[in-house]
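Only the coordinates and a few stated rules stand behind these numbers; no lab work does. Note that the structure is a prediction, hence the values are computed from the model and not measured. Don't worry about glycine lacking a Cβ; one is built from the backbone with ideal geometry, like all the others, and counts go over all protein chains shown.
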Amino acid sequence: MELWYTEKHTDTVDFSIKVKKHIYSEESPFQTIDFFESEEFGTFFTLDGLMMVNEKDEFVYHDMITHVAMATNPNIKRVLVIGGGDGGTVRELTRYKHLEKIDMVEIDEMVVRACEKFLPLTSSKLTDPRVTLYFEDGLAFIHGKENVYDLILVDSTDPIGPGEGLFSEAFYNDCYAALSENGILINQHESPYYPNYAREMKRSHSKIKKIFPISKVYQFHMPTYPSGHWLFGFASKTFDPVKDFNPSAWEAFGLDTKYYNTDLHTGCFALPTFVKKMLEE
Ligand code: SAM
């Protein structure tokens, strides 16, 4: 008998991966967590049936959530990751030796513990001495904080369930206050392709651009997310990711990356016409 994992990308479009073994399934207080082994994507895990991370394309997401901001302002010292329970974003951050403080606030400790067991590829740097883990709601954690981080990375689930508030205007306002004077906010920005995701993309962008003087969107290719065309938001108090970008400053870090590079840094902000139009609406 064949076992397949299937995710509904729309009501009439399914995405399926043949599963070798279903290795873990638990209900946490927040969501259903499942881990699978597969031929094509290696180990992968889902939350409430939606693909989060797999061994084959995680490098795309984690490179792009981390290095674009780190290259725009090479003087970032204090970073907060909200969500990100698999540890992949923290892993990329720990490669910057000059970072002083990496806080991660994840609502669901069970996600972190399961990733430590089944996904060492992403979770292995959560023990770095600069990393502090907080198991609480990112919304409550950030509320009332002022001038404590140079960079906030929102590595969240979609805007349903516990991740919903991480797409709200109140949350973006709290992030603005928690950031230092040159602060940058990167957030999971959904996808422009299928209407149900595009709606969230537009809502998120319209809220952020009211709050931050610089508000851009950049794209990357994520094979296992709906349509494969995915976006992050880049919001900043001062730095423009293209005009203020100095490739040689980032190259001096000497990091070997599999997806991100300094040509792509500029290119990823060049959006297709249909996406530009949607963001202007
Ligand atoms: N890269 C993945 C993606 O976009 O599909 C998701 C990364 S990570 C697994 C997302 C994490 O955000 C989950 O572990 C979830 O528990 C966490 N999360 C959701 N809502 C949260 C909240 N309000 N505060 C903190 N963490 C939250």
If a residue counts only when it is among the charged types (D, E, K, R) and within 23 Å of Phe44 (Cα to Cα), which strands (runs of 3 or more DSSP E) contained entirely in region 143-247 have at least 3 such residues?
none
Take Leu271 and tell me if it is without any contact (Cβ under 8 Å) to a residue 60 or more places away in the chain and assigned to a loop (DSSP other than H, G, I, E, B).
yes
Which ones in region 216-233 are within 13 Å of the ligand (Cβ to nearest atom) and among the aliphatic types (A, V, I, L, M)?
Met222, Leu231
Filter region 118-177 down to the residues that are within 24 Å of His98 (Cβ to Cβ), without any contact (Cβ under 8 Å) to a residue 12 or more places away in the chain and within 9 Å of the ligand (Cβ to nearest atom) and list them by number.
none
Which numbered condition Glu116 misses (of (1) surrounded by fewer than 15 Cβ atoms within 10 Å (Cβ to Cβ); (2) within 21 Å of Glu27 (Cα to Cα); (3) over 18 Å from the mean Cα position of the chain (by Cα); (4) charged (D, E, K, R))
(1)
